[in-house]
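The values are calculated or read from the model by the stated rules, or taken from the named source; none is laboratory data. No experiment lies behind these values; they were computed from the predicted model shown. Cβ sites come from the backbone with ideal geometry, for glycine too, and all protein chains shown count toward neighbours. Side chains are part of the model used for accessible areas, which takes the heavy atoms of the whole protein and leaves out ligands, DNA and RNA. Shrake-Rupley method; radii C 1.70, N 1.55, O 1.52, S 1.80 Å.
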Amino acid sequence: MERSSSTERYQPVTSKNSGDVVEVLPDLAYLTDQIVNVIFVGNPEPGNPWVLVDAGMPKSGGKIIEKAEERFGKDRPPEAIVLTHGHFDHIGGIIDILEKWHVPVYAHPLEHPYLTGSENYPDPDVTVEGGMLAKLSFLFPTDPIVITEFLEGLPEDGTVPPLPGWRWIHTPGHSAGHVSFFRDADRALIAGDAFVTVRQDQLYKVMTQEKELTGPPRYLTPDWTAAESSVHTLNGLKPAYAVTGHGEAAEGAWLTEHLDTLDRHFKELAVPDHGKYVKDEEKGNGR
Ligand SMILES: [Zn+2]
Ligand SMILES: [Zn+2]
């Protein structure tokens, strides 16, 4: 790698697409803020309801509101915020957003303890292989953001009240109450961190966003057996489009092929060879 100047060297970890809104379908778009995606579901044409999926990195609330207003217009708040899970990089902007828009926040009941202040997520695994970002993960806040008064459970029948036509699918592993969202009509998938299209554990790949379909971010995934069966479930849906929590959206043959490969070779491709959350029987065969 080339030597960088001192100013470049101290730039924050930001991916190359940071700041752009990318439209996957007319009513499905995402904003990459630093390293994480937030998703806008809904037709931007006036009069249509829309929903925000996930709420980005800490301090990103203002940016998310700004981009949402560019897309949907001012004075057009979302019907709700829907969360794939409650990790800090998916709810970091939520307090600022809820101050502006007093809307319900839907999350799986198993994530609620982390959103009401009653529990903290397990500490990130700094022993996991995978380079610098994992080593820096001790800097990640694990204290919960408290949004009790706005919180709603996702109903057991699989529907997503503010998102007609979509259903939620329990995809635990990365976190116990992790969910993905699927629309049968066009097989669009919002996968959260059940699988992602950039390796979050390699700083270089986070910055360049080199596209690669892989399992959930390693240093925050406590249950690899559940993570594997979640990928199997999602592969079974044969999604035509996938927006993931990190990395670019994927679609078509590339998505089908890479998701199927991840499903069939999950242990080798996704599970770290060592790490405090990795049990012997979950390990891959080396790489
Ligand atoms: Zn996560
Ligand atoms: Zn994430």
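Numbers at a glance
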{"quantity": "Failed criterion for Asp75 (all others in (1) over 23 Å from Asp193 (Cα atoms); (2) touching a residue at least 24 places away in the same chain (Cβ under 8 Å) hold)", "calculated": "(2)"}
{"quantity": "Boolean, Ala270 is at pLDDT below 95, closer than 25 Å to Phe88 by Cα and among the small types (Gly, Ala, Ser)", "calculated": "yes"}
{"quantity": "Listing of strands (runs of 3 or more DSSP E) fully contained in the stretch 153-192 that carry 1 or more residues being under 13 Å from the mean Cα position of the chain (by Cα)", "calculated": "179-183, 188-192"}
{"quantity": "Residue that is nearest to Gly56 (Cα to Cα) [pool: residues in the stretch 232-255 that are open to solvent by less than 60 Å² (accessible area, probe 1.4 Å) and either at pLDDT below 95 or β-branched (Val, Ile, Thr) (or both)]", "calculated": "His246"}
{"quantity": "Residues satisfying the stated conditions in the stretch 176-195, i.e. within 16 Å of ligand 2 (Cβ to nearest atom) and either modelled with pLDDT under 95 or open to solvent by 10 Å² or more (accessible area, probe 1.4 Å) (or both)", "calculated": "Ala176"}
{"quantity": "Qualifying residue in the stretch 139-149 (condition: touching a Lys or Arg at 6+ places or on another chain (Cβ under 8 Å) and in a loop (DSSP other than H, G, I, E, B))", "calculated": "no"}
{"quantity": "Hits in the stretch 261-272 (condition: out of contact with any Phe, Trp or Tyr (no Cβ under 7 Å at 6 or more places or on another chain), assigned to a loop (DSSP other than H, G, I, E, B) and open to solvent by less than 10 Å² (accessible area, probe 1.4 Å))", "calculated": "Ala270, Pro272"}
{"quantity": "Meets criteria (under 18 Å from Ser180 (Cβ atoms) and either over 18 Å from the mean Cα position of the chain (by Cα) or open to solvent by 10 Å² or more (accessible area, probe 1.4 Å) (or both)) for Tyr121", "calculated": "no"}
{"quantity": "Evaluation of Val146 against (1) within 12 Å of Val82 (Cβ to Cβ); (2) over 18 Å from the mean Cα position of the chain (by Cα); (3) in contact (Cβ under 8 Å) with a residue 12 or more places away in the chain (one fails), failing number", "calculated": "(1)"}
{"quantity": "Qualifying position, being among the basic types (Lys, Arg), more than 16 Å from ligand 1 (Cβ to nearest atom) and in contact with a strand residue (DSSP E or B) (Cβ under 9 Å, 6 or more places away or on another chain), among Arg76, Arg71", "calculated": "Arg71"}
{"quantity": "Top-ranked residue of the stretch 219-260 - restricted to ones that are within 16 Å of ligand 1 (Cβ to nearest atom) and part of a helix (DSSP H, G or I), ranked as nearest to the chain's Cα centre (by Cα)", "calculated": "Leu220"}
{"quantity": "Residue match in the stretch 149-170 (condition: under 14 Å from Thr233 (Cα atoms), touching a helix residue (DSSP H, G or I) at 6+ places or on another chain (Cβ under 7 Å) and within 15 Å of ligand 1 (Cβ to nearest atom))", "calculated": "no"}
{"quantity": "Residues of the stretch 96-111 classified as closer than 21 Å to Leu220 by Cβ and open to solvent by 40 Å² or more (accessible area, probe 1.4 Å), total", "calculated": "2"}
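Listed here are the residues, each with its yes/no results for (1) at pLDDT 95 or above; (2) among the charged types (D, E, K, R).
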{"site": "Val53", "(1), (2)": "yes, no"}
{"site": "Arg71", "(1), (2)": "yes, yes"}
{"site": "Ile95", "(1), (2)": "yes, no"}
{"site": "Tyr114", "(1), (2)": "no, no"}
{"site": "Gly131", "(1), (2)": "no, no"}
{"site": "Ile147", "(1), (2)": "yes, no"}
{"site": "Phe150", "(1), (2)": "yes, no"}
